[in-house]
Structures are given as C-alpha cells and as structure tokens.
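Colleague: Pasting in a structure now, in structure tokens, and then I'll have a few things to ask.
The values are calculated or read from the model by the stated rules, or taken from the named source; none is laboratory data. The model shown is predicted, which means the values in this text are computed figures rather than measured ones. We place every Cβ from the backbone using ideal geometry, glycine too, and count neighbours over all the protein chains shown.
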Amino acid sequence: MSSRPPRDDNSQKPRSWALALEAVVGALLLVSQTAQSVDGEVRQWSIGAGGLSWQSQVLSATAIGFGTPGAIQLLSFKSDQDIIPQLPWDDGFPSGYVAEQSQARIWDNISLKEPNLPIVDGVDTSSTGNRFKRFGVSQQGTSIFFDLGTRFPVNKIAFFPRQTGQDDQGRPYRDDYIRGYEISVNGGKSFNQEDAPIYSLLKREEFTAKDYTEILFPLQFVRYIRLEITSANPFEIAEFQVFGTGFAPRGIYRSKVVDLGETANFSRLEWEIEMLRQVGDSLAVVPAADAGVSVRMRTGVDSTALVYYKYTNLFTGERTEVSESAYRKLDEQLQGPVGDDVTNWSSWSAPFLTSGRQIDLPSPRRYFQFEIAAESRAILDGVRVKSLAVEHSIPPLAQQLIGEISELDTPRPVGNVPIVQAGVKSTFACDVIADVIGTDVGFDALQISMPGNPHFKGFLLGSPLASVTPDSIEETSGSLKVFFPSHRVESRASGTMRVVFETEIFVQGTFFQAEAFDTQGADLPQRVLPGDANPEVSTNALRVLTSEGSTRDLLSTFVVSPQLITPNQDGLNDQAGIAYTLVQLVRPVSVEAMVYDLAGRRVRALFSEAEGSGSYTWSWDGRDDDRKLLPVGIYLIRLEAKTERGSFVRTRSIGVVY
C-alpha cells in the first residue's frame with residue numbers, strides 16, 4: 001500500500017538502477033516492435049510474468065504486496081508480522097477519512113506540531129524523544145491517531161518506549177512508558193455526519209506497571225486507531241505495532257500512464273491469477289478460495305491523465321490550468337485542485353470481471369492506464385495476479401471512426417434522439433465516417449451489433465453518398481456484417497458510408513455498437529465512436545430510446561399462427577408457432593406458457609423459462625402433457641411473464657381439427 005512499491009523482504013538493495021535499465025530496454029523493445037509493424041501487427045503489452053515488472057509501472061498501490069517475483073498479490077500477514085512497517089507513512093491530517101488512501105498517516109491533537117514518524121518507522125531505538133516529556137506539562141488527554149489507509153485484519157496492538165539506553169540524568173528510557181490509556185479502533189466503515197471515524201473502545205487501562213503494552217482482541221478489520229493518554233506522566237513511544245493474520249479485504253494497484261509509442265487500436269484485456277488461502281502462516285494455491293480481481297482501464301491522447309490548477313486569486317478562488325511541472329514548483333497555498341482530464345482522456349471503463357474481454361474504450365489511442373482491484377471475501381482467502389496483457393495493433397485501421405444512428409425517415413428527431421416503439425421493427429440508418437491516412441491499414445468490412453435480429457436494406461459509400469452493392473452480407477442474431485473488399489476504404493475520400501437496416505429495440509436506452517475490420521489481414525477490429533458522422537443527421541450518438549407507450553407493457557407482441565391446426569402428420573398445419581416479444585427487461589424473468597381447454601383445465605405445460613428482453617418462438621403440436629392428441633375443439637394458450645412489478649398475461653385461442 002503505497003505511492004511507491006513496499007520494501008521487498010528478500011532484498012534491501014537499491015533498485016533504481018534496475019528500474020531505469022528496464023525502462024530503457026522496454027523502450028527499445030517498443031521501438032523494435034513498431035518498426036516491424038508498418039502493415040499492421042497484433043501484439044501484446046504485458047506486465048508480470050514475461051513482461052515488465054510490476055514495480056516499474058506502479059503509480060500507487062493500496063494493500064498490495066510485491067514480495068512474490070513476477071507477481072503482485074493482496075497483502076497478507078503472518079501472526080508475528082508487524083503491519084506498521086509494511087506501509088508507507090506520512091505525517092499529518094488526512095485530506096479525507098472515507099476514501100481509501102495509498103498513504104498511511106499519523107497525527108496527534110497537540111497544537112505544537114512535531115513529527116510522529118519515529119513511532120511507525122519499525123526501528124525500536126528511535127522514539128518521540130522529549131516531545132511528550134516537557135517539564136510541568138500534563139500529558140492527560142494527549143491523543144495519537146493512526147490511519148492505515150485501508151482495512152486490515154488485526155487482533156493485537158502493542159506499544160512501548162525504547163528498551164535500552166538512558167537520558168542525560170541516567171534515567172532509563174524504558175521507565176517513560178504510558179501509565180494509563182484508552183485504545184479505540186474503527187473498521188473503516190462507520191463515520192459520523194462530518195465523515196469522521198466513529199471509534200469503538202477496545203480497552204481502557206487506568207494504571208499499568210508494564211513498560212511493554214500489549215492488547216489482544218478477536219480478529220477484526222481495522223483502519224483507524226486512536227491512542228488516548230489518560231495519565232499525566234511524561235512518556236515516549238519508540239514503536240507502535242499492529243498485528244493480525246489473513247488478507248486485507250481489498251487492494252488497489254494503479255499503473256502509471258503507459259506510452260505505446262504510437263497510436264494503437266486496442267482489442268482485449270487479459271490476465272492470469274492464482275487463488276490463495278492462508279494456512280497457518282503459509283500461503284497455499286487453492287482454486288476454490290473466495291477471492292477475485294476486477295480491472296478498470298482508460299485511454300488518452302496525451303501523457304498525463306490529470307489536469308493541474310493554479311490559484312490566481314486566493315480570495316475569489318479563481319484558477320488557471322498549468323503543467324504538472326509548474327504545479328510542483330508552486331507554493332502550497334497556490335496549488336489548486338488536481339482532477340481527471342476529461343478532454344483528452346476517456347472515463348474509467350466499467351470493471352472487467354473476466355479475462356479476455358474486449359476493450360470497449362475510445363481507440364485508437366497512444367496512451368492508457370489500468371487499475372487492478374483485488375478483493376477477498378473470506379479473511380483467509382486472497383488472490384495473486386501473475387500477469388496482465390493489453391492486446392493491440394499498430395498502426396490502426398483508421399485514425400478515427402465516428403458514427404451515429406437515426407431512424408431512416410427521421411434524421412433530425414425532437415431532442416436529437418431517435419425514439420421508436422419497443423418490440424416493433426423499425427428502419428435505421430447508421431452513418432460512419434473514417435479518417436484514414438497513408439500509414440493506416442484501412443478496412444473493408446463493417447459490423448453493427450444490436451439486440452434484435454437485423455434485416456439488411458442498403459449500403460451507401462463515398463462523398464456524396466451513392467448506393468453500392470456490398471460483396472456480401474451476414475445477418476445473425478444481434479449482428480449485421482457488411483463486406484465491401486471491392487470498395488475498400490483506404491483514404492478519407494472513401495471513408496463516408498451509411499448502412500440501412502431493419503431491427504427491433506427491446507430496452508429503453510439501447511446502445512448500438514459498430515466496428516470496422518480488415519478481412520485481408522490479422523488486424524484487430526476498430527470500434528466506431530459516437531459523434532457527428534453526417535451533417536444531415538442530428539443524433540451524434542449510437543443510442544435509441546423507446547416511446548413512452550411501449551414502456552408500460554413487457555409483452556409487446558404475442559402471436560399464435562396458424563389459429564387452426566390439423567395434427568394429421570401430413571405436413572400441413574401440423575403445429576402452431578408461438579411468437580412473442582419481451583421488452584424493458586434489465587434481467588431475465590420467469591416466463592411460462594400453458595394450454596387450457598374451455599372448461600379451464602390445463603391440458604399442456606408448453607414451457608417455463610427464465611428469459612430476458614428479446615423475441616422468442618415456440619411451437620405446439622396439439623398434444624397434451626401425456627403426448628396424446630387432444631380432441632377436436634377450441635383451446636386457449638396462456639402466456640405469463642412474472643416480474644417484480646407483477647404478472648403480465650396474454651391469451652390467444654387456437655382450434656384443433658382433423
């Protein structure tokens with residue numbers, strides 16, 4: 001847990017020369033790879049096993065250990081291992097209490113500020129010295145606070161003065177121990193209205209004759225500790241120690257900004273992990289351990305993901321943006337806020353929960369940054385990250401791909417957002433414009449992903465747009481691919497296109513996804529970003545809304561066809577097709593269909609499934625639950641969707657004759 005790697009227990013030798021050498025080698029390797037990829041090459045940037053070291057790329061790390069070669073892991077502790085010296089400490093009040101911090105902090109309630117860091121330096125021959133020994137000053141009420149930065153499993157706290165040596169008067173340092181105290185803790189989850197920690201008392205000692213104080217208690221998560229002195233006697237503290245066993249519940253590793261050297265097209269994010277369990281004071285690889293990781297990522301066009309501000313008027317709070325180097329040189333009172341650069345960098349992605357997922361972020365970009373969150377859901381279970389890789393290609397297919405979607409007949413809708421009826425086929429136009437320069441690969445195919453089944457209607461290309469017959473199309477559930485190698489896009493002049501298709505929308509606020517790819521090479525698909533691709537269209541986005549009326553009924557369509565079946569096994573009307581559409585569902589619900597006779601008796605249970613938004617088809621062959629043909633007559637097919645809002649039911653009649 002630090003803004004720099006924690007000390008490696010296996011080696012205390014300086015590593016700055018090694019990290020510098022690794023950075024040079026990495027840069028040379030990157031240049032070499034780029035020189036080999038003028039026609040586009042799929043490659044991986046990797047860290048951990050077989051790649052760069054985790055220490056060389058860390059910006060900050062909270063509750064993350066670097067002790068295993070080639071890997072990082074959720075920080076864990078043996079029963080006799082002091083947590084305090086494993087953390088990077090800073091002196092003074094924290095900027096806030098609720099958010100987890102990469103730095104541990106120590107402070108006190110004394111108006112005269114002097115450093116408290118000797119208490120947490122892991123060296124028992126240093127101490128607070130004479131700070132709390134001033135003649136005539138009662139120490140009753142003195143409080144020292146510790147913020148571990150995040151939550152750790154703790155079951156013992158200890159503190160003591162120097163155990164050897166004496167002052168100028170010959171008085172042993174060990175005699176200046178704390179006679180009376182209160183020790184209180186906070187688990188990092190309970191705060192008052194001012195967001196200050198709410199402490200729980202662990203122990204109150206009115207008087208002790210022991211120079212070494214040890215408090216034992218049941219294992220629990222602790223982040224904040226308050227030591228309050230209840231005796232007037234002068235004292236010193238050489239070391240304050242915290243012990244526990246097991247894993248921190250959560251750890252964060254955030255990388256520096258990674259420079260790929262050239263603009264790259266991002267594809268997939270992959271990683272390799274090991275699940276761990278603490279057995280006694282040893283760690284074992286246990287696949288069933290209750291822990292895991294998630295990863296966030298963002299991409300940018302410059303080398304810093306942050307913006308820095310300088311106060312130009314301290315009274316009004318006026319400020320101006322400055323460079324990072326200029327910000328570091330400012331007096332502290334002139335240093336304004338530091339925030340994310342939302343102009344040149346994307347937002348953080350939603351967490352990647354499984355390895356191998358596509359990177360759905362603005363691309364191509366030259367820079368990226370990632371953050372790994374390791375989590376333990378059982379105090380003795382943890383996780384180790386062995387490697388992480390970002391798949392990408394250089395050069396990209398195009399410098400930029402911009403797209404927008406609209407209803408074909410309504411290019412400028414009210415509010416600049418297309419609105420259609422849920423569950424009903426609508427005709428859409430997807431406009432795409434590509435910025436392709438000489439070094440780019442170019443592309444000859446476009447894929448549009450959607451929730452429903454597509455039906456291709458037309459393809460237009462060039463400026464001005466002209467109808468073109470694609471070489472081929474591919475329509476599958478949720479995807480439309482248009483192939484045009486005869487009209488390959490290799491320049492800006494040919495980079496304007498429109499795909500017209502028909503499909504259904506099932507959920508409010510549906511986002512379409514589009515990407516270009518090159519069928520002539522192994523280059524990665526490149527995502528189309530939302531924006532202004534056609535001046536005649538005002539949507540500037542790839543989002544479609546559903547009409548107000550279509551949000552009230554989850555069963556938008558229910559059709560039984562034919563309405564009369566003749567199950568004679570002659571191949572004509574032997575069975576009925578049952579088609580229906582579910583809309584506005586964000587998660588699957590229970591859907592069932594039953595067949596009843598006119599007396600209300602159930603004669604056939606057709607199906608009972610968990611289904612989400614979409615179109616579905618089933619069939620009925622005129623038989624009952626025992627697979628026997630039913631008598632001639634009129635029957636009712638009842639369809640029911642059960643949701644938290646209640647049940648939605650539709651019924652259709654069907655006749656059976658022979």
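Colleague: Can you tell me which residues in segment 262-318 are among the aliphatic types (A, V, I, L, M), assigned to a loop (DSSP other than H, G, I, E, B) and without any contact (Cβ under 8 Å) to a residue 24 or more places away in the chain?
Modeller: Matches in segment 262-318: Ala288, Leu314.
Rundown of residues vs (1) modelled with pLDDT of 95 or more; (2) in contact with a Pro (Cβ under 9 Å, 6 or more places away or on another chain); (3) of a type in the set (Lys, Arg), yes/no style:
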{"residue": "Ala158", "(1), (2), (3)": "yes, no, no"}
{"residue": "Arg171", "(1), (2), (3)": "no, no, yes"}
{"residue": "Tyr177", "(1), (2), (3)": "yes, yes, no"}
{"residue": "Ile183", "(1), (2), (3)": "yes, no, no"}
{"residue": "Ser190", "(1), (2), (3)": "no, yes, no"}
{"residue": "Asp195", "(1), (2), (3)": "no, no, no"}
{"residue": "Ser200", "(1), (2), (3)": "yes, no, no"}
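Colleague: Give segment 507-548 a look and list any residue that's part of a loop (DSSP other than H, G, I, E, B), farther than 22 Å from Ser363 by Cβ and within 26 Å of the chain's Cα centre (by Cα), or say none.
Modeller: Within segment 507-548, Val507, Gln508, Gly509 qualify.
Colleague: Okay, next question. Identify, please: which residue in segment 621-658 is under 40 Å from the mean Cα position of the chain (by Cα) and more than 15 Å from Arg602 (Cβ to Cβ) and is, among those, surrounded by the most Cβ atoms within 10 Å (Cβ to Cβ)?
Modeller: Ala641
Colleague: Looking at segment 319-362, which of its residues are in a loop (DSSP other than H, G, I, E, B), under 16 Å from Asp302 (Cβ atoms), over 16 Å from the mean Cα position of the chain (by Cα) and not aliphatic (A, V, I, L, M)?
Modeller: Ser323, Asp341, Thr343, Asn344
Colleague: Answer yes if at least one residue in segment 183-205 is more than 47 Å from the chain's Cα centre (by Cα) and either of a type in the set (Gly, Ala, Ser) or in a strand (DSSP E or B) (or both), and no otherwise.
Modeller: To start, the set of residues in segment 183-205 that are more than 47 Å from the chain's Cα centre (by Cα) comprises none.
No, that holds for no residue.
Colleague: Hey, another quick one. Within segment 159-173, can you find the residues that are of a type in the set (Lys, Arg) and surrounded by 14 or more Cβ atoms within 10 Å (Cβ to Cβ)?
Modeller: The answer is Arg162, and nothing else.
Colleague: Next question. If I go through segment 99-135 residue by residue, how many of them are of a type in the set (Ser, Thr, Tyr) and either within 33 Å of the chain's Cα centre (by Cα) or not in a loop (DSSP other than H, G, I, E, B) (or both)? Please lay out each step first, then the result.
Modeller: If we filter segment 99-135 for residues that are of a type in the set (Ser, Thr, Tyr), which is where we start, we get 102, 111, 125-128.
Keeping just the survivors that are either within 33 Å of the chain's Cα centre (by Cα) or not in a loop (DSSP other than H, G, I, E, B) (or both) gives 102.
Within segment 99-135, residues that are of a type in the set (Ser, Thr, Tyr) and either within 33 Å of the chain's Cα centre (by Cα) or not in a loop (DSSP other than H, G, I, E, B) (or both) number 1.
This table checks each residue for (1) in a loop (DSSP other than H, G, I, E, B); (2) touching a residue at least 24 places away in the same chain (Cβ under 8 Å); (3) surrounded by 16 or more Cβ atoms within 10 Å (Cβ to Cβ); (4) charged (D, E, K, R).
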{"residue": "Ile405", "(1), (2), (3), (4)": "no, yes, yes, no"}
{"residue": "Ala434", "(1), (2), (3), (4)": "no, yes, yes, no"}
{"residue": "Asp440", "(1), (2), (3), (4)": "yes, yes, yes, yes"}
{"residue": "Gly452", "(1), (2), (3), (4)": "yes, yes, yes, no"}
{"residue": "Leu460", "(1), (2), (3), (4)": "no, yes, yes, no"}
{"residue": "Ser463", "(1), (2), (3), (4)": "yes, yes, no, no"}
{"residue": "Thr469", "(1), (2), (3), (4)": "yes, no, no, no"}
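Colleague: Still on this structure: Tell me, which strands (runs of 3 or more DSSP E) wholly within segment 40-98 include 2 or more residues that are surrounded by fewer than 18 Cβ atoms within 10 Å (Cβ to Cβ) and of a type in the set (A, V, I, L, M)?
Modeller: Numbers: elements: 41-48, 58-62, 72-74, 89-91.
Fully inside segment 40-98 and qualifying: nothing.
Colleague: May I pose another question? Give me the residue from segment 575-602 that is assigned to a strand (DSSP E or B) and surrounded by fewer than 19 Cβ atoms within 10 Å (Cβ to Cβ) and, out of that set, nearest to the chain's Cα centre (by Cα).
Modeller: The extreme case among them is Ser590.
Colleague: For a quick check of your reading of the model, give me the residue pairs whose first member lies in segment 187-216 and is among the aliphatic types (A, V, I, L, M), whose second is outside any strand (DSSP E or B), with beta-carbon atoms closer than 7 Å and at least 6 apart or on different chains.
Modeller: Ala196/Tyr97; Ile198/Ser190; Ile198/Asn192
Colleague: Which pairs turn up if I take residues in segment 380-401 that are surrounded by fewer than 22 Cβ atoms within 10 Å (Cβ to Cβ) and look for partners that are of a type in the set (Val, Ile, Thr) with beta carbon separation below 6 Å, at least 6 apart in sequence or on another chain?
Modeller: Gln399/Ile437
Colleague: Looking at segment 328-363 only, could you name the residues that are in contact with a strand residue (DSSP E or B) (Cβ under 6 Å, 6 or more places away or on another chain) and either surrounded by fewer than 12 Cβ atoms within 10 Å (Cβ to Cβ) or closer than 12 Å to Leu306 by Cα (or both)?
Modeller: Pro337, Val338, Gly339, Asp341, Asn344, Trp345, Ser346, Leu353, Gly356
Colleague: Here is a follow-up. Given the residues Arg254, Arg204, Arg268, Arg250, which is the only one that is surrounded by fewer than 21 Cβ atoms within 10 Å (Cβ to Cβ), touching a Leu at 6+ places or on another chain (Cβ under 6 Å) and either of a type outside the set (Ser, Thr, Tyr) or more than 30 Å from Gln399 (Cβ to Cβ) (or both)?
Modeller: The match here is Arg254.
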